[in-house]
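Each remark here refers to the structure printed beneath this line.
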Amino acid sequence: MALNEEAIKRIFQEMQNKNLQYTRDLNGVKYQIQSNEREQKICELANRELLNYDDNTIAYTSVGKMFVQADLKDIRKQNEKQIEEYKQEHDDLKKKEKYIEKNLTDLQNHLKDIMHSAR
């Protein structure tokens, strides 16, 4: 009987460690989602502001620590491309979040089952 209790304790400890890891992963993904949404909003705001200007307006874009003159159309296209990349990354992060949440829920249910069976 002692071996069975030791095995249950070991399994329970491993599952608790996995629970902590999934929780950390979930918090990290949520932070990435917030960061992604913030960056996407910045790009969208910049694009809206650029629409107010004529195509002949001189514009500059940053390259490292310096600025280079660029076509306003090219800057808009670059922003649109960046927005699409942010949207794709957001979708991928949401899928990852759902996957981790599902694993976390399953693990918590298993932990509850182990606790009930140990009683």
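Bear in mind these aren't lab numbers, they're just calculated from the coordinates by the rules spelled out. Source: prediction; values computed, not measured.
Some notes on this structure:
- Averaging 1/r over every pair of different alpha carbons in the chain and inverting the result gives a Kirkwood radius of 18.3 Å.
- Using θ = phi - 60° and Karplus 6.51 cos²θ - 1.76 cosθ + 1.60, couplings along region 40-48 (whole Hz; Gly, Pro as x): 5, 5, 4, 5, 5, 5, 4, 5, 4
- Amide H partners (placed H, <5 Å) of Ala70, local residues excluded: Ala59, Tyr60, Thr61
- For the residue pairs Lys9/Lys95; Lys18/Lys81; Lys18/Lys95; Lys41/Lys96, the C-alpha atoms sit more than 30 angstrom apart in Lys9/Lys95; Lys18/Lys81.
- Per-residue ³J(HN,Hα) for region 82-99, Karplus 6.51 cos²θ - 1.76 cosθ + 1.60, θ = phi - 60°, Hz, x for Gly and Pro: 5, 4, 4, 5, 5, 5, 5, 4, 4, 4, 5, 5, 5, 5, 5, 4, 4, 4
- 3J(HN,Hα) along region 51-56: 5, 6, 9, 5, 5, 7 Hz, from the Karplus curve 6.51 cos²θ - 1.76 cosθ + 1.60 with θ = phi - 60°, whole Hz, x for Gly and Pro.
- Summary value for region 2-118: 40 percent relative contact order, contacts being C-alpha pairs under 8 angstrom separated by 6+ residues.
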